[in-house]
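Q: This structure is in C-alpha cells; I'll ask about it shortly.
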Amino acid sequence: MDERKKNERNELFGELIKPLNHFFHEKPVKGFLQQMDELFKTTFSFAPSFNVEVSETEHGYLISSELPGIKREQIDIDIVDRYVTISIHSSESLTQEDENQKTVRRQESLQRSSRTIPLPQPINEREVKASYKDGLLQILVPKQKGKKIILDDPK
C-alpha cells in the first residue's frame, strides 16, 4: 500500500472518530459516564480481600484474621468438606436532600469480600469454635482423629 492511500485511510478514520469523541464528551452522555465511574469507585472501594493467617498446632488449625471496624453481624463463616470460607458483608445508604427537604440523590451500596481456606482433611463442623473480639477473628478447627489400620500377616 502506498503512502498516499495510507494517509487517506488515517484521515477517513479520524473523521469517523470525531463525532464519537464529541458524543462521549458532551452532556448528557458525559454526565452519565461520570456517574457510572463514581458508582464503580464507591461500590468497589471495599477491600476485595483481607489477610488470613493459618497456623497448625498439635490438636488443630488456628485461622486468624484482623478485621478492624467490622461488626460481628457482618461476618459469616461457612464450612464445606475441608474448606472454611469467611465472608464479610457491608451495606451503606447515603441520601442527599436539597434545602426543601426533597431527595436529590440516593445511593445504596453493598460490599462483600470473602476468603476460602483449604485444610488438608475434612472438617467436623460441630467441633469448630470461633470467636471475634476487638477486631480479631479466630477460628479453631480440631484435627480429625483417624483410625490406625494394622496390616495382617499373610498366612
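Q: So which aspartates and glutamates pass the test for Lys143, namely a Cα distance under 19 Å, with those fewer than 8 places away in the same chain ruled out?
A: Counting by Cα, and skipping residues close in sequence, Lys143 has these aspartates and glutamates nearby: Glu53, Glu56, Glu58, Asp78, Asp81, Glu125, Glu127.
Q: As an exercise, find the ratio Rg/Rh for segment 83-149 from alpha-carbon atoms, using the Kirkwood inverse-distance average for Rh. Mind dumping the intermediate values first?
A: Values: Rg = 21.5 Å, Rh = 16.2 Å.
That ratio equals 1.33.
Q: Averaged over every viewing direction, what's the projected area of the C-alpha convex hull for segment 55-112? Give it in nm², one decimal, please.
A: So the Cα hull casts an average projection of 6.1 nm².
Since every read-out is calculated from the coordinates, none of them should be taken as a lab result. A quick note: this is a predicted structure, and the numbers were derived from the prediction, not measured.
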